[in-house]
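Have a look at the structure below before the remarks.
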Amino acid sequence: MSGNAIRLVLADVDGTLVTPDKQLTPATVDAVDALHEAGILFAITSGRPPRGMAMLVTPLRLSTPISAFNGGVVVEPDMTVIEERVLGPELVGPTIDLLGSSGLSTWVYRRQDWYVLDANGPHVDREAATVGFEPTVVESLERLSDGVAKIVGVTDDRHVIDAATSEMRERFGDRVSAAQSQPYYLDVTHPEANKGSVVKSLAARFALATEEIATLGDMPNDVLMFAHSGLSIAMGNASAAVQRSARRVTASNTDDGFAQAVRRFVLG
């Protein structure tokens, strides 16, 4: 496919659009500006909550819907909610129980809030720095059954998170979407809250064919959006399996891989 055929670019955020220390580089901002100037729409999607992407709106001049929680909550750039896809209340308790029994720390994202059991738990500080706000510490997560957009299992043990991902899919089937958004995060969301659905939703909103959309990502939860787009680009920091799922591979997010991909594969 010619780069000239692309009318919308959809990018993951962490590991793709920002550096490991969660910064936008000048080259990235310039690349998005070049898309705007070429008349190509630019959109972002992430496992982050909406508030966790607000800081990207102004520097990237975002005008398209922002798909948070992998599409679980879609907002306008001013954070007005357009769509919500939340987990069934009957699934929240069993999901929390499965993650806990599998040895993962568990977080719950509900509406605008983030709940944890331990403020000093694994990756809580990292997440707070990334999303720009602190969690609410509660004694129990079980009472938070309604309006839950995402449940996260957290561990640095890859074998544990892989096993929990498989068990989650086996037990709940198509009642949830279970995907790893970071090497240490297992995201559990509504079954239609996945990045493949984000591509299809943007295509419908802007009257595009999915073949006119380019997607960029680095993690297993990005593979579904690769499958539904005309041009898929994996980051150099992605695993070999994720890279094999994409049509093109660019440099890593430590080497302005996003900007290089836009210049080389989209703008030509």
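The values are calculated or read from the model by the stated rules, or taken from the named source; none is laboratory data. Not measured: the values here are computed from a predicted model. Cβ: placed from backbone, ideal geometry, glycine included. Neighbour counts: every protein chain shown. Remember, those area values only see protein heavy atoms, side chains included, never the ligands or the DNA or RNA. Shrake-Rupley method; radii C 1.70, N 1.55, O 1.52, S 1.80 Å.
Key figures
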| read-out | value |
| --- | --- |
| For Ile233: the one exception among (1) open to solvent by 10 Å² or more (accessible area, probe 1.4 Å); (2) closer than 23 Å to Ile40 by Cβ; (3) touching a residue at least 24 places away in the same chain (Cβ under 8 Å); (4) not in a helix (DSSP H, G or I) | (1) |
| Test: residue in region 246-268 that is touching a Phe, Trp or Tyr at 6+ places or on another chain (Cβ under 8 Å), over 16 Å from Ile6 (Cβ atoms) and either open to solvent by less than 50 Å² (accessible area, probe 1.4 Å) or assigned to a helix (DSSP H, G or I) (or both) | no |
| Selected residue (criterion: nearest to Ala129 (Cα to Cα)) from residues of region 36-45 that are in contact (Cβ under 8 Å) with a residue 40 or more places away in the chain and either assigned to a loop (DSSP other than H, G, I, E, B) or open to solvent by 10 Å² or more (accessible area, probe 1.4 Å) (or both) | Leu41 |
| Residue among Ser101, Ser177 that is in contact with a Ser or Thr (Cβ under 6 Å, 6 or more places away or on another chain) and of a type in the set (S, T, N, Q) | Ser177 |
| Qualifying residue in region 137-150 (condition: in contact (Cβ under 8 Å) with a residue 24 or more places away in the chain, of a type in the set (A, V, I, L, M) and under 27 Å from Ala227 (Cβ atoms)) | yes |
| Enumeration of residues in region 5-30 that are open to solvent by 10 Å² or more (accessible area, probe 1.4 Å), out of contact with any strand residue (DSSP E or B) (no Cβ under 8 Å at 6 or more places or on another chain) and outside any helix (DSSP H, G or I) | Thr19, Pro20, Asp21, Gln23, Thr25 |
| Check on Asp33, open to solvent by 10 Å² or more (accessible area, probe 1.4 Å), among the charged types (D, E, K, R) and in a helix (DSSP H, G or I) | yes |
| Listing of strands (runs of 3 or more DSSP E) fully contained in region 67-177 that carry 2 or more residues being surrounded by fewer than 20 Cβ atoms within 10 Å (Cβ to Cβ) | 81-84, 113-116 |
| Subset tally (residues that are of a type in the set (A, V, I, L, M) and touching a Lys or Arg at 6+ places or on another chain (Cβ under 8 Å)) for region 109-159 | 5 |
| Inter-residue pairs, beta-carbon under 8 Å, first of a type in the set (S, T, N, Q) and in region 106-118, second modelled with pLDDT under 90 and open to solvent by 10 Å² or more (accessible area, probe 1.4 Å), 6+ apart | none |
| Qualifying residue in region 188-200 (condition: open to solvent by 20 Å² or more (accessible area, probe 1.4 Å) and closer than 27 Å to Gly268 by Cβ) | yes |
| Matching residues in region 48-65 - criterion: being open to solvent by less than 10 Å² (accessible area, probe 1.4 Å) and in a loop (DSSP other than H, G, I, E, B) | Pro49, Thr64, Pro65 |
